1. Counting other Cβ atoms within 10 Å, which trypsin sites (Lys or Arg not before Pro) in the stretch 1-103 have at most 13 and lie in a DSSP loop?
2. Would you be so kind as to identify all helices of the chain, as entire DSSP H runs, whose Cα atoms reach 15 Å or more along the helix's own axis and whose mean Kyte-Doolittle hydropathy is at least 0.0?
3. Using modelled amide H (1.01 Å from N, peptide plane; none on Pro or chain starts), what sits under 5 Å from the amide H of residue 115, excluding residues fewer than 5 places away?
4. Restricting attention to the stretch 27-101, which chymotrypsin sites (Phe, Trp or Tyr not before Pro) occupy a DSSP loop and are surrounded by at most 14 other Cβ atoms within 10 Å?
5. Give me the distance in nm between label points sitting 7 Å out from Cα along the Cα-to-Cβ direction at residue 142 and residue 119, one decimal.
6. Out of residues 5 or more away from residue 49 or on other chains, whose amide H comes under 5 Å of its own, with H placed 1.01 Å from N in the peptide plane?
7. Normalised by the residues of the stretch 14-141, what does the relative contact order come to in percent, with Cα pairs under 8 Å and at least six apart?
8. Just 76, 130, 20 to compare: in a GNM of the chain, with alpha carbon springs under 10 Å, which one fluctuates most?
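What follows draws every value from the coordinates through simple rules; no lab data is involved. Note that the structure is predicted; figures quoted are calculated from it, not measured. Cβ atoms come from the backbone with ideal geometry, glycine included; neighbour counts cover every protein chain shown.
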Amino acid sequence: MEKTSQIVMKGKKLITEDSILKHNYFILNYAPLNYFYGKEVYFSDGFKEDKLVLFQLLGNLGAFANDSTIDNSISIFVLSDTLFIQLKAGYKDNSILYIEKKLNSKGQPFSDLLIITESSLITFIKKRTIFYSDEATQDLIE
């Protein structure tokens, strides 16, 4: 883990608390309820919730989730609440540093990457579950 610099390098894309909060706002207020359909989702380390259950929940929504491979097919990066708290304190784990490096590399393979927190993902899934009265997903959440 590396302490983040207070200096933002000119022209460099950095993953910050503000950028994640903006993505959380989008997912909770503007994303369509089928937003995850067909998307590749990567999970960071440090989750409070059972990742296997979250993988199944996303599978029910038509997404493909993993926590082992970050490649160019990833559309959504879910950051654990634990790592988000560390980011707010100025520390970035290796997965965040890797994605920042990719964001700033030639061709920018992750230029449309959405980065959200664990709690935002769960809130989105609950909201969708209530809207569609999806009992199977509700059972998994509980």
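1. Values: sites: 3, 10, 12, 13, 22, 39, 48, 51, 88, 92, 101, 102; in loops: 10, 12, 13, 39, 48.
The qualifying sites are 10, 12, 48.
2. Numbers: long enough: 17-29 (18 Å, -0.29); 118-132 (21 Å, 0.19).
Span-like helices in the chain: 118-132.
3. 77
4. Listed in order of number, the matching sites are 30, 37.
5. Modelled inter-label distance: 2.4 nm.
6. Under 5 Å from the amide H of residue 49 lies no amide H from a residue far enough along the sequence or on another chain.
7. Numbers: 157 pairs, mean separation 41.0, N = 128.
After rounding, I find 32 percent.
8. Comparing 76, 130, 20 in a Gaussian network model of the chain, the most mobile one is 130.
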